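**Q** Structure incoming, see below.
The values are calculated or read from the model by the stated rules, or taken from the named source; none is laboratory data. Everything quoted here is computed from the prediction, not taken from an experiment. Cβ placement follows ideal geometry from the backbone for every residue including glycine, while neighbour counts extend to all protein chains displayed. Keep in mind that these areas ignore ligands, DNA and RNA; they rest on the heavy atoms of the full protein, side chains included. Shrake-Rupley method; radii C 1.70, N 1.55, O 1.52, S 1.80 Å.
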Amino acid sequence: MSRGHFVSFEGVEGCGKSTQLALLAAHLRSRGAVVLTTREPGGTPLGEALRAVLLDPDYQPTALAELCILEAARTQLVTTVIAPALARGEWVLADRFADSSQAYQGTARGLGHDTVSALNVLACGSTWPERTLVLDLDVDEALQRARERPSTTTFNRRFEDEALPFHRAVAAGFRELARREPGRVRLVDAAGTPEQVFGRVLVALSDILP
Ligand code: TMP
């Protein structure tokens, strides 16, 4: 079976990962690749409905409830979208994936690496990114950006409303993942213009790009 390539983008709120994902998708398409872009939580009708629940400050799920909702969205996305695209030989670019659950729920919410790992394995099986880029940016700067985005509203700001120590813990969680799995998870300095950062993204992917 022909296999595609699966790359995920990660980082704290406002780090610029969505911009970099769009730049990479355009770059790959210009070279003739078939590219599927998706996001987590979301990417399927069920996942997008769960996303709305997850981001709504009216709901205050426990840490484990939050993780279970994320994993429900994840398994739906993996099974119905990502795995079939990879089997067709496409490039799949994900705006967040299972590593976000390690940084947010495992580290910042305190559920721990093993619990998150177990549920990630259950939800994803063998469908796993071959490269994960963590866009590393000063947390204060990133959060400021995220809170000022027009897309951040009173209905979807539950994570943006978390205090600075929470976001610092998320950033530390991502760095720990890069230490644990240096082959797959690469830290990319996200300071500078989108074009400067994209240059670093291309370097971090140079061994797998067409
Ligand atoms: P986004 O704003 O980057 O689209 O992500 C939505 C929010 O969901 C973001 O604040 C981080 C959070 N999230 C988790 O807490 N755990 C996860 O596993 C994922 C995928 C997202």
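**Q** V7 passes all but one of (1) open to solvent by 10 Å² or more (accessible area, probe 1.4 Å); (2) touching an Asp or Glu at 6+ places or on another chain (Cβ under 8 Å); which number fails?
**A** Among (1) open to solvent by 10 Å² or more (accessible area, probe 1.4 Å); (2) touching an Asp or Glu at 6+ places or on another chain (Cβ under 8 Å), the lone unmet condition for V7 is (1).
**Q** If you go through the stretch 24-38, how many residues are surrounded by 20 or more Cβ atoms within 10 Å (Cβ to Cβ) and either modelled with pLDDT under 95 or closer than 16 Å to Q76 by Cα (or both)?
**A** Total satisfying the criteria: 1.
**Q** Same structure again: If you check L77, L46, which single one turns out to be more than 28 Å from A169 (Cα to Cα) and assigned to a helix (DSSP H, G or I)?
**A** Checking each option against the conditions leaves just L46.
**Q** For the condition open to solvent by 30 Å² or more (accessible area, probe 1.4 Å), out of contact with any Asp or Glu (no Cβ under 6 Å at 6 or more places or on another chain) and over 18 Å from S8 (Cα atoms), what is the one hit in L54, L50, L67?
**A** Checking each option against the conditions leaves just L50.
**Q** Restricting to the stretch 71-96, give me the number of residues that are within 12 Å of the ligand (Cβ to nearest atom) and either over 16 Å from the mean Cα position of the chain (by Cα) or open to solvent by 20 Å² or more (accessible area, probe 1.4 Å) (or both).
**A** Matching residues across the stretch 71-96 total 3.
Rundown of residues vs (1) at pLDDT 95 or above; (2) part of a loop (DSSP other than H, G, I, E, B), yes/no style:
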{"site": "S101", "(1), (2)": "yes, no"}
{"site": "Q105", "(1), (2)": "yes, no"}
{"site": "G110", "(1), (2)": "yes, yes"}
{"site": "T115", "(1), (2)": "yes, no"}
{"site": "N120", "(1), (2)": "yes, no"}
{"site": "A123", "(1), (2)": "yes, no"}
{"site": "L135", "(1), (2)": "yes, no"}
{"site": "D140", "(1), (2)": "no, no"}
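**Q** OK, next. Filter the stretch 97-114 for residues that are in contact (Cβ under 8 Å) with a residue 40 or more places away in the chain and farther than 12 Å from E71 by Cα; which is nearest to the ligand (Cβ to nearest atom)?
**A** Y104
**Q** Then there is this: Regarding V78, is this residue closer than 22 Å to E181 by Cα, touching a residue at least 12 places away in the same chain (Cβ under 8 Å) and touching a Phe, Trp or Tyr at 6+ places or on another chain (Cβ under 6 Å)?
**A** Criteria not met by V78.
**Q** Let me ask something else. Is there any pair with a first residue in the stretch 58-69 that is under 20 Å from D99 (Cβ atoms) and touching a residue at least 24 places away in the same chain (Cβ under 8 Å) and a second that is in a loop (DSSP other than H, G, I, E, B) and open to solvent by less than 40 Å² (accessible area, probe 1.4 Å) whose Cβ atoms are under 9 Å apart and which are 6 or more apart or on different chains, and what are they?
**A** L67/P61; C68/P61; I69/P41; I69/P61
**Q** Looking only at residues in the stretch 146-163 that are over 19 Å from E10 (Cβ atoms) and in a helix (DSSP H, G or I), which one is least open to solvent (accessible area, probe 1.4 Å)?
**A** The qualifying residue least open to solvent (accessible area, probe 1.4 Å) is R147.
**Q** Regarding R131, is this residue at pLDDT 95 or above and away from the ligand (no atom under 13 Å from the Cβ)?
**A** Yes, satisfied.
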